[in-house]
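Comments concern the structure below.
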Amino acid sequence: MKKLFNKWWILLICGLLCACVAALLAYFGNPKNMAICIACFIRDTAGAMKFHNASAVQYVRPEIIGIILGSFIIALVTKEFKSTGGSSPLIRFALGLIMMIGALVFLGCPLRMVIRMAGGDLNAYIALIGFILGIGTGIIALKRGFSLGEAKELNKTNGFVMPGFVLAILIAFIAVPSLFAFSESGPGSMHAPLALSLVCALVFGAIAQKTRMCFAGSFRNVFMAKDFTLISTIGGLFVGLLIYNLVTGNFKLSMDGQPVAHQQVLWNILGMYVVGFGAVLGGGCPIRQLVLTGQGSSDGAITVLGMFVGAALCHNFSLASAGDAVDAATGAVTLGGATPNGQIAIVICIVALFLIAFVGNKRAKSKKVKAA
């Protein structure tokens with residue numbers, strides 16, 4: 001089975017299947033160029049759980065729950081579930097928080113970046129520059145010896161905690177919806193039927209687990225090892241969604257008029273630079289961290305918790321960018337973009353990432369010399 005998913009053409013087909021899942025979710029109610037964005041949906045879920053009170057982005061997204069459970073189920077079935085963790089937990093938490101800040105300044109995770117690219121959003125193509133530069137900086141750190149340490153095998157119960165927790169949230173959401181906040185307008189009010197969202201996410205999570213889907217890891221492998229295997233999944237996802245958008249008339253090649261997006265070139269680049277850099281240091285982009293959580297990694301779970309806290313911080317302290325807004329009556333456009341707080345936060349995040357990647361390594365080396 002493992003050898004099967006090492007073939008590029010199998011991963012390409014899996015990417016096309018993921019595109020079908022995303023297209024279904026967009027067609028039946030999720031925001032069109034968001035579909036299954038990890039950062040946006042963690043933000044919405046955090047809002048529904050009242051971690052923040054931004055009324056336009058509050059809804060328990062079954063997609064987040066389904067991806068974790070889909071990865072969990074397929075890992076159990078294929079005997080790949082393994083409870084591991086203990087590798088620099090506080091740094092991983094910080095990296096999750098930092099990645100979320102970068103994503104919400106850009107307005108999307110790497111998955112949404114590709115979804116937006118497939119819809120013709122030139123802002124996302126610009127952000128790809130920052131993402132690749134961030135990955136490149138992370139690779140330099142790896143070549144200089146950066147490591148968060150090796151995860152250890154833990155008591156099996158540890159690996160069941162997060163899947164059990166998100167399952168409890170799903171049950172509470174279905175049984176007692178009054179416990180949660182719901183958006184009446186904005187992106188949080190737009191969603192596919194719960195059952196469809198959950199089934200699609202279970203499929204997406206299972207595919208992502210088997211293909212080792214990771215947007216940062218795919219580019220890292222290309223640059224470090226000239227290995228194009230993993231990126232085949234991303235290519236399939238892009239091609240599938242591009243075809244869907246062209247057929248349905250949702251493709252619009254432009255910078256302006258894109259839903260939940262802004263046109264500030266610098267902050268689109270720097271936002272995704274932070275995500276790419278943080279993802280390489282943390283061993284995976286947001287979708288990869290959800291999948292790792294499902295297959296038993298406490299390190300992945302800690303990173304996901306960091307992303308939840310990061311989402312709350314972004315909206316409680318005005319770090320998240322605003323998308324361009326169009327007045328339905330007059331057609332007048334109000335330009336969005338990064339807030340002053342968000343711009344300061346991005347600079348702080350970049351400094352923090354360099355400290356984690358390079359200063360910490362120097363200290364570790366000096367200790368090793370003294371011990372010798």
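The values are calculated or read from the model by the stated rules, or taken from the named source; none is laboratory data. Source: prediction; values computed, not measured. Cβ: placed from backbone, ideal geometry, glycine included. Neighbour counts: every protein chain shown. Remember, those area values only see protein heavy atoms, side chains included, never the ligands or the DNA or RNA. Shrake-Rupley method; radii C 1.70, N 1.55, O 1.52, S 1.80 Å.
Hydrophobic, long helices, defined as DSSP H runs whose alpha-carbon span along the helix axis is 20 Å or greater and whose mean Kyte-Doolittle value is at least 0.5, occur in the chain at 8-27, 62-77, 89-106, 122-143, 157-175, 194-211, 231-248, 265-282, 298-316, 340-354.
The structure shown yields Rg and Dmax of the Cα atoms in Å, and of the options [x] 19.5, 73; [y] 21.0, 70; [z] 21.2, 66 that calculated value carries the label [x].
Accessible area per residue for the stretch 79-227, computed on protein heavy atoms with a 1.4 Å probe, is 42 Å².
Run the quick spin-label model on residue 223 and residue 7: label points 7 Å from Cα toward the beta carbon, then report their separation in nm to one decimal. In this crude spin-label approximation the distance works out to 3.1 nm. In the chain, the portion of solvent-accessible area held by carbon and sulfur atoms comes to 68 percent [1.4 Å probe, whole percent, DNA, RNA and ligands not counted].
The length gained on full extension between residue 239 and residue 171, counted as 0.36 nm times the residue separation minus their Cα-Cα distance, comes to 20.9 nm. Return the subset of 7/210; 82/152; 3/152; 79/156; 82/143; 143/210 for which the Cα-Cα distance in this structure is over 20 Å, preserving the input order. Among 7/210; 82/152; 3/152; 79/156; 82/143; 143/210, the Cα-Cα distance tops 20 Å for 3/152; 82/143; 143/210.
Each Lys and Arg Cβ is given +1 and each Asp and Glu Cβ -1; about its Cα centre, the chain then shows a dipole of about 1680 debye. FRET efficiency for the residue 247 to residue 344 pair, using the beta carbon distance and R₀ = 45 Å, is estimated at 0.60. Note on exposure: 266, 198, 90 ranked by accessible area (1.4 Å probe, complete protein assembly) read 90, 266, 198, with the most exposed listed first. The heavy atoms of residue 253 offer some 110 square angstrom of accessible surface to a 1.4 angstrom probe. In the chain the longest region clear of trypsin sites (Lys or Arg not before Pro) that are loop-assigned by DSSP and have at most 14 other C-beta atoms within 10 Å covers 227-372. With the whole protein complex present, residue 67 retains an accessible surface near 0 Å², based on a 1.4 Å probe.
Based on protein heavy atoms only, the stretch 228-372 ends up with 44 Å² per residue of surface accessible to a 1.4 Å probe. Label positions at residue 77 and residue 156, each projected 7 Å from the Cα along the C-beta direction, are separated by 1.9 nm. A crude spin-label estimate for the pair residue 140 and residue 27, with each label 7 Å from Cα along the Cβ direction, gives 4.5 nm.
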